[in-house]
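**Q** Here it is, the structure, as structure tokens.
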Amino acid sequence: MAATHAIGAVPARGADALLVRRASVVHRLPAQAKLVALLAFVVVVVATPASAWPAFVAYAGLLAAVVVIARLPLATVARRMLVETPFVVFALLMPFVASGPQVDVLGLSVSRSGLVGGALLLAKATLGVVAAIVLAATTESRDMLVGLEKLRLPTVLVSIIAFAVRYLAIASDDLERARIARLARGGSGRRASALKAVAGTAGSTFVRTYERGERVHRAMLARGLDGPMPVLSGRTTTATEWRTAFALPVAALVALVVAVLA
């Protein structure tokens with residue numbers, strides 16, 4: 001039992017840094033139900049053809065409703081959406097690099113297929129990113145590990161993820177201490193001139209993290225570990241919770257069918 005708690009106990013500033021603590025229906029749902037619902041929703045979004053644009057509007061409305069129900073700050077969601085910046089840049093470039101018939105948009109001649117493809121990519125990427133943001137903001141890291149285990153993910157993979165989550169904060173602290181030490185010794189805080197020092201710091205941090213993992217493994221073997229890690233404890237998901245979690249993908253599927261048949 002002690003080993004079980006050790007796997008799940010992660011600092012809030014590390015793996016749970018994305019968690020927004022609120023009392024909501026979305027927060028109370030088991031992680032396994034939210035994971036399956038997220039996967040089902042993403043499958044529906046990805047399967048939506050370019051001709052069913054009303055469906056994307058419905059998806060956005062459904063996600064906005066989930067954000068409101070989860071009581072997540074809109075500013076936090078908007079700030080975390082910056083992670084999709086590479087997709088935005090790629091989507092904006094597609095009309096200019098794709099081939100095919102040309103159309104005029106704001107005085108510029110762009111590819112019609114590239115314009116449609118870029119808009120479709122941007123819509124699907126944005127919906128997927130927002131759905132992932134909601135999951136990360138409403139689910140603790142330990143609950144996520146329990147959910148993966150409940151979904152029969154290979155035990156070895158769950159253990160690897162658990163240790164990666166557990167030592168994420170430690171590696172982050174090592175990097176921060178190294179940065180402060182570099183500045184205290186007269187190092188420049190500007191990014192261009194600090195790239196070499198940052199690269200060296202990242203390399204040494206990787207080596208220390210690897211050595212720490214070796215020490216932890218030897219300590220676990222010395223304490224009698226002879227196989228898979230202990231199973232994380234978690235309650236059984238009720239039928240009501242499954243229905244609540246699947247309200248989003250089912251509503252999205254209905255919107256897709258209506259948009260395709262309209």
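**Q** Would you indicate which of (1) 19.6; (2) 12.1; (3) 12.9 is the value of mean projected area of the Cα convex hull in nm² derived from the coordinates of this structure?
**A** After the calculation, the listed value that fits is (1).
**Q** In nm, what is the difference between 0.36 nm times the number of residues separating Val103 and Arg218 and their Cα-Cα distance? The partial results should precede the final answer.
**A** Values: separation 115, 0.36 × 115 = 41.40 nm, distance 6.45 nm.
Taking 0.36 nm per residue and subtracting the Cα distance, the gain is 35.0 nm.
**Q** Turning to a different aspect of this structure: Give the peptides 45-53, 129-137 in descending order of average Cβ contacts within 10 Å, highest first. Mind dumping the intermediate values first?
**A** On the way: 45-53: 14.6, 129-137: 19.9.
Packing order, densest peptide first, comes out as 129-137, 45-53.
**Q** Just report the Cα centroid separation between the stretch 126-169 and the stretch 48-122, whole Å.
**A** For the stretch 126-169 versus the stretch 48-122, the Cα centre distance is 27 Å.
**Q** Something else now. How long is the gain from Val43 to Val260 if the chain were fully straight, where each residue apart is worth 0.36 nm and the alpha carbon distance is subtracted? Don't skip to the answer; put the middle values down first.
**A** Details: separation 217, 0.36 × 217 = 78.12 nm, distance 1.59 nm.
The span from Val43 to Val260 would gain 76.5 nm if fully extended.
**Q** What full-extension length gain, to one decimal in nm, is calculated for Thr238 and Val88 as 0.36 nm per residue of separation minus the Cα-Cα distance? Walk me through the numbers before you get to the answer.
**A** Values: separation 150, 0.36 × 150 = 54.00 nm, distance 3.90 nm.
Here the segment from Thr238 to Val88 would lengthen by 50.1 nm.
**Q** Right, next: Using only Cα atoms and rounding to the nearest 10 degrees, what angle (0 to 90) does helix 191-222 make with the longest principal axis of the chain?
**A** 60 degrees
Each reported figure results from applying straightforward, stated rules to the coordinates on display, with no laboratory input. Please read all numbers here as calculations on a predicted model, not as lab measurements. Don't worry about glycine lacking a Cβ; one is built from the backbone with ideal geometry, like all the others, and counts go over all protein chains shown.
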